[in-house]
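Chemist: Please see the structure below; I have some questions.
Any read-out appearing in this document is the output of simple, stated calculations on the displayed coordinates, not a laboratory observation. Values in this document were obtained by computation on a predicted structure and should not be read as measured data. With ideal geometry, Cβ positions are generated from the backbone for all residues, glycine too; neighbour counts draw on all protein chains shown.
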Amino acid sequence: MNTIIIRIMLLPVLLGLLNACTMGQITVRASMPMIEGGIVAMNRETDLKLAKAAIPANMGMLEGMLVKDPQNQVLHELAAQGYYGYSYGFVEDQDRKRASKLYYRGFRHGKAALAEYDLNEAQLEGRLDALQEAVNRLDEDAVPALFWTASNWAKWIDMNRDSARSLAQMPRAEMLMRRVLELDENYFLSGAHLFFGVYYGSRSPMMGGDFARSEKHFNRARENTGNKVLLADLLQAQYLERQRFDRAAFHQHLQQVLDASADLYPAQAFINTIAKQKARELLKREDEWF
């Protein structure tokens, strides 16, 4: 009898929880395992033409799901990741203006995800000391939102580096990524170390660059990933070795990317295939740069 009474008392609570979610939200959330499976499959893809054709449709699907579930923080994180990956892999080398728009869309999704952790747009645009305090309050759960927001933000800034107003935002993106480094240096293939390898290696020391720190971050990324992620060598050649004008190291790192086995890291074959494609294009410009 007591059990029956308890169930009756709990019934309004359960009905309230169900009513809090619309049918659209329930459908979206039930579909999340399929989305996650699709991401795993895409990460294994080695046919770049197939990936280039598939990603826009997947992005359209994510955007549609967000119409039904606009506060879904995981979907915003996935959308931010998707816009970054598509722009980096297939757009920025051919059309920087379009890449800028796509990175900004990724940035907006990142901001929406951060809002679910009580880091709002006003704080992102406000005083640096207040932003630092807000970022310091975030824990490991916010790492994906921090990472993809900072990644898209920094790339958008890079696409608009002729604008002083854009460049002035870089300390904010750096602040978010610094928190990622503090909370989980291994997140997304040690991506925070790659970020800071580029951050310190892409500028001369007179402009705030630090070649020793850049190399340390690239080496740490290699160590953390068992030297299986080719982006470390690609980015070190593209940014650090070009900046310190070391042609031999530039060539060596890119050749290592091209010589790497196609099955070096099957779970991240897509990223490594992108790295090989970019390495070939960078080597074509070696005589021009050196």
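Chemist: Please give the Cα centre distance for the range 170-227 versus the range 57-86, rounded to the nearest Å.
Modeler: Value for the Cα centre distance between the two parts: 26 Å.
Chemist: Would you mind checking which residues have amide H under 5 Å from residue 160's amide H? H placed 1.01 Å from N; only 5 or more apart, or other chain.
Modeler: none
Chemist: Which number gives the lysine pairs in the range 140-290 that have C-alpha atoms under 22 Å apart and are eight or more places apart or on different chains?
Modeler: 7
Chemist: Right, something else. Ranking 207, 177 by Cβ neighbours within 10 Å, fewest first, what do you get?
Modeler: 207, 177
Chemist: Quote the FRET efficiency, to the nearest 0.05, computed for residue 186 versus residue 22 with a Förster distance R0 of 41 Å and r equal to the Cβ-Cβ distance.
Modeler: 0.65
Chemist: Right, another one. Taking 8 Å as the Cα distance limit and 6 or more residues as the minimum spacing, I'd like the relative contact order of the chain as a percentage. Walk me through the numbers before you get to the answer.
Modeler: Details: 339 pairs, mean separation 41.2, N = 290.
Worked out over the chain, it gives 14 percent.
Chemist: With a ≥ b ≥ c taken as the square roots of the eigenvalues of the C-alpha gyration tensor of the range 34-183, please select rounded if a/c is under 1.5 and otherwise prolate if a/b is larger than b/c or oblate if it is not?
Modeler: Since a/c reaches 1.5 but b/c is at least a/b, the shape of the range 34-183 is classed as oblate.
Chemist: Taking other Cβ within 10 Å of each residue's Cβ, how do 289, 148 sort, fewest first?
Modeler: In order of increasing Cβ crowding within 10 Å: 289, 148.
Chemist: Could I ask something else about it? Taking only Cα atoms, what is the 0 to 90° angle, nearest 10, from helix 73-86's long axis to the longest principal axis of the chain?
Modeler: 20 degrees
Chemist: In deg cm²/dmol and to the nearest 500, what is the mean residue ellipticity at 222 nm of the chain if only DSSP H runs of at least 4 residues count, each as -39500 (n - 2.57), divided by the residue total?
Modeler: Mean residue ellipticity at 222 nm (helix-derived): -22500 deg cm²/dmol.
Chemist: Here's another thing I want to ask about it. Compute the FRET efficiency between residue 98 and residue 174 as 1/(1 + (r/R0)^6), taking r as their Cβ-Cβ distance and R0 = 22 Å, and round to the nearest 0.05.
Modeler: Values: r = 25 Å, r/R0 = 1.14.
That pair, residue 98 with residue 174, gives E of 0.30.
Chemist: Sticking with this structure for a sec: Counting other beta carbons within 10 Å of each residue's own, what order do 217, 251 fall into, fewest first? Mind dumping the intermediate values first?
Modeler: Values: 217 27, 251 16.
Ranked by crowding around the Cβ, least crowded first: 251, 217.
Chemist: Starting from a Cα-only point model with no solvent, please compute log10 I(q)/I(0) by Debye for the range 185-290 at q = 0.10, 0.13, 0.22 1/Å.
Modeler: Debye curve over Cα of the range 185-290, log10 I(q)/I(0) at q = 0.10, 0.13, 0.22 Å⁻¹: -0.25, -0.43, -1.16.
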